[in-house]
1. Could you check how many residues of region 230-269 are open to solvent by less than 50 Å² (accessible area, probe 1.4 Å), charged (D, E, K, R) and either part of a loop (DSSP other than H, G, I, E, B) or at positive phi (or both)?
2. Evaluate region 329-341: report whether one residue or more is among the aromatic types (Phe, Trp, Tyr), at pLDDT below 95 and surrounded by fewer than 14 Cβ atoms within 10 Å (Cβ to Cβ).
3. Tell me, yes or no, whether region 503-511 has at least one residue that is open to solvent by 50 Å² or more (accessible area, probe 1.4 Å) and assigned to a helix (DSSP H, G or I).
4. Given 351, 376, which one is assigned to a loop (DSSP other than H, G, I, E, B), surrounded by fewer than 18 Cβ atoms within 10 Å (Cβ to Cβ) and aliphatic (A, V, I, L, M)?
5. From (1) part of a helix (DSSP H, G or I); (2) over 29 Å from residue 532 (Cβ atoms), pick out the condition that doesn't hold for residue 356.
6. Can you find even one residue in region 466-475 that is open to solvent by 20 Å² or more (accessible area, probe 1.4 Å), outside any helix (DSSP H, G or I) and not aromatic (Phe, Trp, Tyr)?
7. Quick check on my filter: what residues within region 130-169 are outside any loop (DSSP other than H, G, I, E, B) and either closer than 25 Å to residue 517 by Cα or open to solvent by 60 Å² or more (accessible area, probe 1.4 Å) (or both)?
8. Can you find a residue in region 258-268 that is among the aromatic types (Phe, Trp, Tyr), assigned by TED's automatic domain parsing to the domain that holds residue 342 and free of Cβ contacts under 8 Å to residues at least 24 places away in the same chain?
Amino acid sequence: MARHEYLVFDLRRPGRVRRYQDVLKMILIAVGCLSVGLHIAVLFRSTFDVPCATTLHRTDTEPWAPWTASSESRKSSSDQLLTAVKHADKPGRPVLRSPLAHRRRDGLKFGGQVKSSTSLPPPDVPLNDAVRLERKEYKALWRHYKATANISSSPYARPKQSIPPYRNMAAVYAANKSYPALGSSVWDRFHAGVGPYQLYESTSAIDGVIKDLQTAAIKRAEMKDGGTQLKLFIEFDGSGKALFKPLRLNSTQEDNPNHFYFNYFERHYSEIAAYHLDRILGFHRAPPVAGRHVNLITDIRNKADDNLRETFYISPAGNICLTGSCKYYCDTSHGLCGAPELLPASFSAFLPEDEGPGLRMTWRHPWRRSYSRSKLAPWEMDSNYCGLIKTIEPYDGGRRMLDIVDMAVLDYIANNLDRHHYETFYEFGNESSPIHLDHGRSFNKANTDEPTILAPLYQCCLIRRSTLKRLLDLTHGPRLSELLDLSLQSDLLYPVLSPAHLNAVDRRVYGVLDVIDKCLTDATNPSNVIIQEDVNAYFPSS
C-alpha cells in the first residue's frame with residue numbers, strides 16, 4: 001500500500017537549512033529597511049515640521065482640508081451638547097454653541113449639521129465662494145416678452161375642460177356637509193386657503209404653520225409605510241401634522257458620481273431649500289417646510305410607536321441612533337445618529353386630509369425617467385415626443401402643460417431628477433395645478449447641471465409669460481442666490497445651502513433662459529412660445 005507523502009520540515013537536511021537561512025536573511029533585511037525608513041520619516045518631520053495626516057486640524061484658511069476635532073474642542077463640544085440636550089424640551093432653537101455646530105458659511109456646518117467628536121470626511125464641494133457669473137442682458141427675450149402682452153391664441157391660453165368649481169378649499173368644506181367644519185387654528189386657516197392653482201396666496205397665510213413646524217411640541221411619531229428611505233409622520237400638539245426627513249448628508253457633500261439618480265440619498269435641507277425656491281419663483285405650489293433640531297430621545301423615541309422604538313440603538317461612539325424600516329438604507333450601516341441626541345431634520349406641512357376634501361389624484365409624469373440602469377425613457381428616444389403628448393388629455397389644452405414646464409424649471413434649478421409622478425386635488429378637477437411635492441433628492445450636485453430636466457421646455461417650446469418675466473427679473477435685479485439665501489435666513493438650520501449651491505442656482509437661471517431664447521429663434525410666432533393666459537377665464541364668475 002503506497003505511503004502518503006507528508007510535508008515536513010526536517011532541519012537536519014542541508015537543503016532545508018539553506019532555505020531557512022535565506023528566509024531569515026530576507027526577514028532581517030526587511031526589518032532593517034523599515035527601521036531606516038522610520039528614522040528618515042522622523043528626521044523629515046522634525047526638519048520641515050510637516051504634520052501627519054491623522055493629526056491635521058481644519059482651519060478657516062483651508063476649508064477643504066480633512067480635519068479631526070482636537071481634545072480641547074471635544075471636551076467643550078461635549079459639555080455644550082449636554083447643555084443643549086437639557087433644553088431640548090423647550091420650544092425654539094436648542095442652545096448650541098459648539099465650534100462644530102454653528103460655524104457660518106466659511107465654517108463646517110451647512111443644513112443644520114451637528115457632528116459629534118468623531119472625524120468627519122472631507123466635503124466634496126469646496127466651501128470657498130466661487131467666481132460669480134457675469135450678467136446677461138437677454139435683449140431679444142425682453143423684446144419678445146413685451147410683444148406678447150395680448151392673450152395668446154394658443155389652446156394653452158384658456159381652459160379646455162371645465163374650470164374648478166371652487167375658489168379654495170374653504171368652499172369645498174362648505175359645499176360638503178359631511179366634512180368636519182374648519183376651525184380657527186393656523187393649520188385650519190392654511191388648509192382653508194388652499195386653492196386650485198396655489199397652496200397659499202401670501203406668506204402671511206402660512207407664517208403660523210412655519211412657526212409650529214419650528215417650535216411646536218411633538219405628540220406622536222410613526223414610520224411612513226413604503227418609500228426607499230426613512231420618513232416619519234409627526235403629529236404636533238394641536239392639529240398640525242408634518243413629514244419628517246432627517247439629516248443624512250449636508251450640502252457640501254455630493255452624491256457618488258457612480259450612483260444612479262434613483263440611488264441618491266434624500267436630504268433634509270433639499271426640502272427646505274426647494275420650498276423657498278418655489279415661493280421665490282412665484283409658484284406657491286410646494287407645502288411649507290421648516291428645519292429644526294430634534295432630540296431623538298424626548299422628541300422621537302418617547303413619542304414613537306413600538307415598531308419605530310425597536311429600531312433605536314446606541315452607536316459605538318455613544319450617540320443615539322435609529323434605523324427605521326424602509327426599502328433601502330434602513331440598517332445599522334446607514335443609521336441616523338444624533339450628536340449625541342440632537343439631529344437636524346426637515347418638517348413638511350401636511351395638506352388637507354387625503355381621505356376627505358383633500359383627496360388627491362396621482363398622475364404619471366409624461367417626462368418620467370426610466371429608473372433603469374440600461375433603458376431609456378420614450379422621451380429620450382423620440383424627438384417628436386411632445387407632439388404625441390399634446391394629443392392626450394389634459395395636455396392637449398388648458399394650463400396643465402404650462403404647469404409641467406413650470407415644474408421642470410423648478411426641478412432644473414434645484415437639480416431634481418426624481419420627478420416620476422405628481423398629484424392634483426380631486427375636488428379642483430383637471431384644470432388645477434400640480435402640487436410640488438418630494439424634493440428630497442434635489443440640490444445634490446452643485447457643480448453639475450442636468451439639461452434633460454428641461455425636456456418639457458425644449459421639446460415643446462412653451463413657457464408661461466409670467467414665469468418668463470420672473471426669470472428675466474432675476475437677470476437684472478437681485479440675483480436668485482441673494483433672494484434664496486435671504487429667505488433661508490428665517491430657517492433655524494441656516495445656513496442651509498453652501499455657496500457652491502447658491503452660485504449654481506444663478507447659473508441655472510441662465511440655462512433656462514438660453515433654452516427659451518433658442519426656442520424663440522427657431523419659432524415663427526413668439527406668441528406660440530410665450531403664452532399669455534386669459535387669467536380671468538380660470539376662475540368661476542360667482
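1. Total satisfying the criteria: 6.
2. Looking for residues that are among the aromatic types (Phe, Trp, Tyr), at pLDDT below 95 and surrounded by fewer than 14 Cβ atoms within 10 Å (Cβ to Cβ), one finds none in region 329-341, hence no.
3. Taking every residue of region 503-511 in turn, at least one turns out to be open to solvent by 50 Å² or more (accessible area, probe 1.4 Å) and assigned to a helix (DSSP H, G or I).
4. Exactly one residue qualifies, and that residue is 376.
5. Residue 356 satisfies every listed condition except (1).
6. Looking for residues that are open to solvent by 20 Å² or more (accessible area, probe 1.4 Å), outside any helix (DSSP H, G or I) and not aromatic (Phe, Trp, Tyr), one finds none in region 466-475, hence no.
7. 139, 140, 141, 142, 143, 144, 145, 146, 147, 155, 156, 157
8. So far as region 258-268 goes, no, none of its residues is among the aromatic types (Phe, Trp, Tyr), assigned by TED's automatic domain parsing to the domain that holds residue 342 and free of Cβ contacts under 8 Å to residues at least 24 places away in the same chain.
The values are calculated or read from the model by the stated rules, or taken from the named source; none is laboratory data. From a predicted model like this one, the values you see are computed outputs, not experimental measurements. Positions of Cβ are backbone-derived with ideal geometry, glycine not excepted, and every protein chain shown enters the neighbour counts. Each accessible area value is taken on the protein alone, full model and side chains, heavy atoms only, with ligands, DNA and RNA left out. Shrake-Rupley method; radii C 1.70, N 1.55, O 1.52, S 1.80 Å.
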